[in-house]
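First up is the structure itself, then whatever we jot down about it.
Taken together, the values in this text are just the output of simple stated rules run on the coordinates, not laboratory data. Source: prediction; values computed, not measured. For neighbour counting, all protein chains shown are included, and Cβ atoms are generated from backbone atoms with ideal geometry for every residue, glycine included.
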Amino acid sequence: MLLKNIQGGLHLENLKSIDRGKGVFSSFSTDNVKKWTEIVEEGYPEFAGQFQLFGYDWLGRCIGYKIPLFLGGEDVIVNLEDSDMEVYWYIVSEIKKRSE
């Protein structure tokens, strides 16, 4: 993976799907960088164009909030759960859109 500074921003090149630390951190393939950046931008349009997702942690699973913070959930361990990353982001994005 190479990070290049292009016109004031970082650009990812030659990105391959790589696991580190037995799944503690995994990088996306180049195709998945675009996919996951778009998924997160859909849920947080106010940050669109300001980031590129390049990896994830937790063995390919998503540790997310049972009650999202934007709905008054607390940032505590008992409010966390293991869920499918794609399903979690879809549901959170839909709830966020409807709650605004």
Worksheet entry | Charge context of GLY73, other residues only, Cβ under 14 angstrom, K/R +1, D/E -1 | -1
Worksheet entry | Summed residue charge, Cβ within 13 Å of ILE91's Cβ, Lys/Arg positive, Asp/Glu negative | -1
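So, R0 is 22 Å and r is the distance between the beta-carbons of LYS96 and LYS34; what FRET efficiency does that work out to, to 0.05? Don't skip to the answer; put the middle values down first.
Details: r = 21 Å, r/R0 = 0.96.
The value I calculate is 0.55.
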